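For reference, the structure is listed below as structure tokens.
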Amino acid sequence: MNLKSRLSRLEQQAASANDDWQRLLVSLLARLDALAWPFREHTGSFRPEVRRLFREYLSGVGGLRASGQGETSWKAAHFARNQLIESGRCDAVTSGGQVTGLRLTPQGLADAMALVGTRLRSITESSGVLQRIRAANGQWLSESDLFGIPLDGDPTIWAGLIDYVLPLLRAGIVESNSDLRSRSYFRSIDGVQVPAEAASSLSEASWSDSWYIASFNSERAALMRLECLDGGIVIPVRCT
């Protein structure tokens, strides 16, 4: 193999490695958002387990599954995970000396959001929504009252409005619940401060939006298959 071919192969390997950690980073954000995004269903026993996992993540005890979507080799996934840890984009959650999960740092969150692009909103962009939720003084606020829109019919068609609440849910500033008619409600959590947001030098990636959606949908489906083994329940909000 001549020098030119060797250099070309090294460039291809470097590009692939760069793509691996970026895709894993976007997958981690999608998995976190899948945990934070409101569930409207009250059937099955998955909701208490999802709530437990999310609380463990927010408290620093738990992490996100560290495998990357679509990775063909353990070595590539391992290298991508180490890149995220070494670059300060993720913190490792360990057990018995082994990395069992990853937690996004403020820089990792900022870089993941930059890669995904305009689909995702920042906490700053959702500040008006936060003010309205906090004005309810800890009471559940319906999505209809929050957005000032008479929401009738199939609740799933209102999902786009949740984009404005997602950064607040993700940060643990706001929590969600639903009633038995599948309508979402929100309330602020006392004592939780708005986190500082990091800046990112990364640009939106052409593959990122579809990758984020696929990772999000896959994680949501996996979460809905969970079972709560400790007897926990989630009490729905009263429709009145």
> Within a Cβ distance under 15 Å of TYR185, other residues only, what is the Lys/Arg minus Asp/Glu net charge?
Replying inline: +4
>> With θ taken as phi - 60° and the coefficients 6.51, -1.76 and 1.60, list the Karplus ³J(HN,Hα) couplings across the stretch 148-156 in order, rounded to whole Hz; mark glycine and proline as x.
In response: x, 10, x, 9, 10, x, 6, x, 5
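Mean residue ellipticity at 222 nm from the helices of the chain, using -39,500 (n - 2.57) per DSSP H segment of n ≥ 4 over the full residue count, to the nearest 500 deg cm²/dmol?
Dividing the helical sum by the residues of the chain leaves -14000 deg cm²/dmol.
Pull out the extension gain between THR100 and ASP145, defined as 0.36 nm times the separation in residues minus the alpha carbon to alpha carbon distance; nm, one decimal. Walk me through the numbers on the way to the answer.
Working: separation 45, 0.36 × 45 = 16.20 nm, distance 4.07 nm.
Residue separation times 0.36 nm, minus the Cα-Cα distance, leaves 12.1 nm.
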>> I need to check one value: relative contact order of the chain, counting alpha carbon pairs closer than 8 Å and at least 6 residues apart, in percent.
In response: 31
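Estimate the FRET efficiency between ALA196 and ILE85 by the formula 1/(1 + (r/R0)^6), using the beta-carbon distance for r and 30 Å for R0, to the nearest 0.05. Working shown, then result.
Values: r = 21 Å, r/R0 = 0.71.
So the FRET efficiency works out to roughly 0.90.
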> Gain in length, ILE157 to ARG181, computed as 0.36 nm per residue apart minus the alpha-carbon separation, to one decimal in nm?
Replying inline: 7.3 nm
> Quick one: if you stick a label point 7 Å off each Cα along the C-beta vector at ASN137 and ASP19, how many nm between them?
Replying inline: 5.6
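How long is the gain from ILE235 to ILE213 if the chain were fully straight, where each residue apart is worth 0.36 nm and the alpha carbon distance is subtracted? Each step should come with its number before you reach the end.
Working: separation 22, 0.36 × 22 = 7.92 nm, distance 2.90 nm.
Full extension from ILE235 to ILE213 adds 5.0 nm.
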> Quick one: Karplus J couplings for the stretch 208-215, per residue in order, coefficients 6.51, -1.76, 1.60, θ = phi - 60°, nearest Hz, x for Gly and Pro?
Replying inline: 5, 5, 5, 5, 4, 5, 4, 5
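Just so you know, all these numbers are worked out from the coordinates, no wet-lab data involved. Computed from a predicted structure; not experimentally measured. For neighbour counting, all protein chains shown are included, and Cβ atoms are generated from backbone atoms with ideal geometry for every residue, glycine included.
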